[in-house]
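Presented below is the structure to which this report refers.
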Amino acid sequence: MATPRTRRARNLRQSSGLAEDRVWSLLRAGRIDGCKFRRQHPIGPYCADFACDHLKLVIEIDGGVHTREDVALSDIERQQALEALGWTMLRFTNDQALSQPELITDAIRRHSASIG
């Protein structure tokens, strides 16, 4: 029987938007230098849009709702909590994910190079 966290992650995967789907097609199956990402990956009490355990890297794709003050504050708290667990978070907007996917690829490669 699936845990509530697992059910939530599964629901998020099934209800993802176009930008997340496009990013997933970029990240899946180790397409960026063999880095294995997971989609809607539970980390502590949170669910990361995309996470690579090996790089301790979270990729978040933010839609328009993330410009709301309450959501932005929640995002900051969430990011600080994940960073306290040793993760690095990179955030991109839906527009960036759709029109400039190379920003994501380049950022992942820079992060990977920075950790050796």
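Details
- Picking from residues in region 68-116 that are polar (S, T, N, Q) and touching a Leu at 6+ places or on another chain (Cβ under 9 Å), the one that is nearest to residue 57 (Cα to Cα) is 88.
- Hits in region 61-90 - residues which are crowded, with 19+ Cβ neighbours inside 10 Å and of a type in the set (Asp, Glu): 62
- Residue match in region 102-110 (condition: over 23 Å from residue 18 (Cβ atoms) and at pLDDT 95 or above): yes
- Leading residue by the ranking (modelled with the lowest pLDDT) among those in region 1-55 that are small (Gly, Ala, Ser) and closer than 18 Å to residue 91 by Cα: 16
- Any hit, region 45-66, residues being over 18 Å from residue 109 (Cα atoms), assigned to a helix (DSSP H, G or I) and among the β-branched types (Val, Ile, Thr): yes
- Of all residues making up region 60-93, the number that are touching a helix residue (DSSP H, G or I) at 6+ places or on another chain (Cβ under 7 Å) and modelled with pLDDT of 95 or more: 5
- Residue satisfying all of: in region 91-116; among the β-branched types (Val, Ile, Thr) and assigned to a helix (DSSP H, G or I); surrounded by the fewest Cβ atoms within 10 Å (Cβ to Cβ) among these: 115
The values are calculated or read from the model by the stated rules, or taken from the named source; none is laboratory data. This structure is a prediction, so every number in the text was calculated from the model and none was measured. Counting neighbours? That spans all protein chains shown, and the Cβs are built from the backbone with ideal geometry, glycine included.
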